[in-house]
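Following: one structure in structure tokens, then a few remarks.
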Amino acid sequence: MAPADGLDPVRRRFAEVTAERLALIEAHFDGERDAAALREIGRIAHMTAGVAATLGHAALGRVAGQVAVELHLQRGRDWRAVEPRMRQMMLAMRAVPVWCEAT
Amino acid sequence: MGILRILAVDDDPVFLMLLQHVLGRLGYDDVEVAGTAAAALERLQEEEGFDCLLLDFDIPGVDGIQLCRRIRQMQGYADVPILMMSNAHAASVIEAAFAAGATDYFTKPLDDLELRARMGMTARLVEERRRRAMLADRVHAQLGLPDEPIRFADPIPLRDVPDVVEYEALENYLLALGRSKLHGHAAIAFRIGNAEEIFAATDAICYADVLAHVASIIADQLKDHEFLMAHAGRGEFVCITARHLPVQAHVLAQEIAARLADRARIYAQLGVPRPVLQVGDPMTTGLFSRSAPSDLLGRARRALRNAAARQIRGEVVV
């Protein structure tokens, strides 16, 4: 059950945006794995980390924060070094709409 | 709680939606949002009436730090509270925010308690400024005074000196650093020993110019080090630096005195007593200190005041 805190409209919007962002990341995984792709994924991770925990997705917030920091530190040079963490983040992102539909 | 008109700037529409919601829950309903720095600047140019700005640190293009600097130069926004928001906890990020003119800083994800405290402080600051402005208007209307009256004890803000921030902002900086990171820093107090004499001999504008001159000399002496400084009132400045500053207080004092002596003739021409600057020893906190981070500023000032008083009484100051 989602808590009755009046945040449901924000949670719904977050779920929609997360699905769009996940599709973007998947497209990068299937396409050019270059620095520009890593920059965009870093930005998505950064934005996700800023709100996920407040909306009840603490695990997603944590892993997104780690991806954002790792990508920031290595400045988009090494896709493979961050790939496991990015996959963890994608997994957590996939869970968001399911969680919202169930509530 | 007074009503605050707030402009929040962030490139994430979900975060802005969440922020509006959380602020609304805390009683701040008048919140406009902008998704880019350009949109924010446009909105601020259209209207001067915002009481508080919340800026994300990491907006693409013109980032939050650059945006903060630009806003500070805009008419009507020199002292409007600006709160920076960021995912990062790094001391360098926090210091950059305050050096750019931020009044306060909080981290994402949003924490209701932290946001309530920060916004509460901001609301009190805005309320106090409104009250002072109303009082000044009333006094000027009654007496026809041209200048805003200032009191000797006021922490007069010095806006045009690099790395000098308002005293409240310096306190907020220490709070944002937290006790563990504060351990790596020291507070050094500087005091114009004859500040009261200068205050009595000049008008408000000239006194503020003297403070700015002294602050710029101190800032120049520290320019090779990371620091933030504020005027605390009574001709006292407090500076936050790295814990182990490779310059000794007496050497700093000698260099600053030499710079002030260079301007002796100008002070004489203006009929203003030449400032005599005293420099305190760096004050630090223990790793497990239980006192509030901002107490460090007060301790540094008190220690220098006491040392100066002992010197006047002829006691040996070690």
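Can you pull out the residues in region B:173-226 that are at pLDDT 90 or above and within 27 Å of B:F288 (Cβ to Cβ)?
Scanning region B:173-226 gives B:A186, B:A187, B:I188, B:A189.
For every residue, the table says whether it meets (1) in contact with a Cys (Cβ under 8 Å, 6 or more places away or on another chain); (2) of a type in the set (K, R).
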residue: B:L222; (1), (2): yes, no
residue: B:M229; (1), (2): yes, no
residue: B:L245; (1), (2): no, no
residue: B:R263; (1), (2): no, yes
residue: B:R274; (1), (2): no, yes
residue: B:A292; (1), (2): no, no
residue: B:R299; (1), (2): no, yes
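Can you list the strands (runs of 3 or more DSSP E) lying wholly within region B:175-286 that have 1 or more residues being open to solvent by less than 30 Å² (accessible area, probe 1.4 Å) and outside the structural domain of B:A308 (by TED's automatic domain parsing)?
Counting at least 1 such residues, we get no strands (runs of 3 or more DSSP E) at all.
Only one of B:I59, B:I71, B:I94 is within 14 Å of chain A (Cβ to nearest Cβ), under 23 Å from B:A176 (Cβ atoms) and in contact with a Leu (Cβ under 9 Å, 6 or more places away or on another chain). Can you tell me which?
Sole residue among the options that is within 14 Å of chain A (Cβ to nearest Cβ), under 23 Å from B:A176 (Cβ atoms) and in contact with a Leu (Cβ under 9 Å, 6 or more places away or on another chain): B:I59.
If a residue has to be within 22 Å of B:R310 (Cα to Cα) and open to solvent by 30 Å² or more (accessible area, probe 1.4 Å) to count, how many in region B:287-298 make the cut?
Qualifying residue count for the region: 0.
May I ask you to list the residues in region B:53-63 that are under 13 Å from B:T36 (Cβ atoms) and either open to solvent by 20 Å² or more (accessible area, probe 1.4 Å) or within 18 Å of the chain's Cα centre (by Cα) (or both)?
Within region B:53-63, B:L55, B:D58, B:P60, B:G61, B:V62, B:D63 meet the criteria.
Can you run down the residue pairs with Cβ atoms below 8 Å, 6 or more apart or on separate chains, where the first is in region B:273-296 and over 16 Å from B:A232 (Cα atoms) and the partner is aromatic (F, W, Y)?
Final answer for the pair search is B:P273/B:Y267; B:R274/B:Y267; B:P275/B:Y267.
Kindly establish whether A:R43 is under 20 Å from B:D58 (Cβ atoms), more than 9 Å from chain B (Cβ to nearest Cβ) and open to solvent by 10 Å² or more (accessible area, probe 1.4 Å).
no
Output the residues belonging to region B:1-46 that are aliphatic (A, V, I, L, M), farther than 17 Å from B:I82 by Cβ and more than 10 Å from chain A (Cβ to nearest Cβ).
Answer for region B:1-46, where residues must be aliphatic (A, V, I, L, M), farther than 17 Å from B:I82 by Cβ and more than 10 Å from chain A (Cβ to nearest Cβ): B:M1, B:I3, B:L26, B:A38.
The values are calculated or read from the model by the stated rules, or taken from the named source; none is laboratory data. Keep in mind that this is a model prediction, so the values were computed, not measured. Every residue, glycine as well, gets a Cβ built from its backbone with ideal geometry; the counts of neighbours run over all protein chains shown. Protein only, heavy atoms only, side chains kept; ligands, DNA and RNA dropped before computing areas. Shrake-Rupley method; radii C 1.70, N 1.55, O 1.52, S 1.80 Å.
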